[in-house]
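Okay, structure first, notes after.
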Amino acid sequence: MSVNDRGTIKWTAMMLPEHINMLNEYWKEEEYKEKPMLDEQQKEEIGMKLQCAIHNNLTVEIKHYSGRDYLTIKGKLMKIDQIKLKLNNEDQTEIKLDNVLDVHID
């Protein structure tokens, strides 16, 4: 516990549960990440990597934006269309192409 925590702990003991919930929500929102905007060259590079991976049946690691956070998932591509891609992993994950941030081929 740091010196600054003492104030938070001290005051939360006297707060209403609704106020504590609002504070917790505020702190969660502070951790949210913004979706980055990719330029055309980055989008084209991602598209080429995805096409290479699906044609050669290669495993990919895809970093994507989901739920105000960045997630990374690994698997083989099953299908790519103009809106989304489908990975062959435990969950048969579908990802919108607009949310793909980076692709690494294993």
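Exposure proxy shown here: for Leu101, Leu77, the number of other Cβ atoms within 10 Å sets the order, fewest to most, as Leu101, Leu77. Given the choices (1) 41, 14, 12; (2) 18, 15, 14; (3) 30, 14, 13, semi-axes √(5λ) of the Cα gyration tensor in Å derived from the coordinates of this structure is entry (1).
Sparse packing (at most 16 other Cβ atoms within 10 Å of the Cβ) combined with a DSSP loop state is found for the following GluC sites (Glu not before Pro) in the range 48-106: Glu90. Computed from Cα positions, the angle between helix 17-30 and the longest principal axis of the chain comes to roughly 40 degrees. Between Glu18 and Ser66, residue separation times 0.36 nm minus the direct Cα-Cα distance comes to 14.5 nm.
Ranking of His64, His55, His19 by neighbouring Cβ atoms within 10 Å, starting from the fewest: His55, His19, His64. Relative to the longest principal axis of the Cα atoms of the chain, helix 40-55 runs at roughly 60 degrees. Taking each residue as 0.36 nm, the span from Gln42 to Ile73 lengthens on full extension beyond its C-alpha to C-alpha distance by 9.3 nm.
Exposure proxy ranking for Thr72, Thr93, Thr59, based on other Cβ atoms within 10 angstrom of each Cβ and starting from the fewest, stands as Thr72, Thr59, Thr93.
Here, each number is a calculation from the coordinates, and none is a lab measurement. Remember, predicted model here, so these are calculated numbers, not experimental data. So basically every Cβ, Gly included, is an ideal-geometry build from the backbone, and we count neighbours across all protein chains shown.
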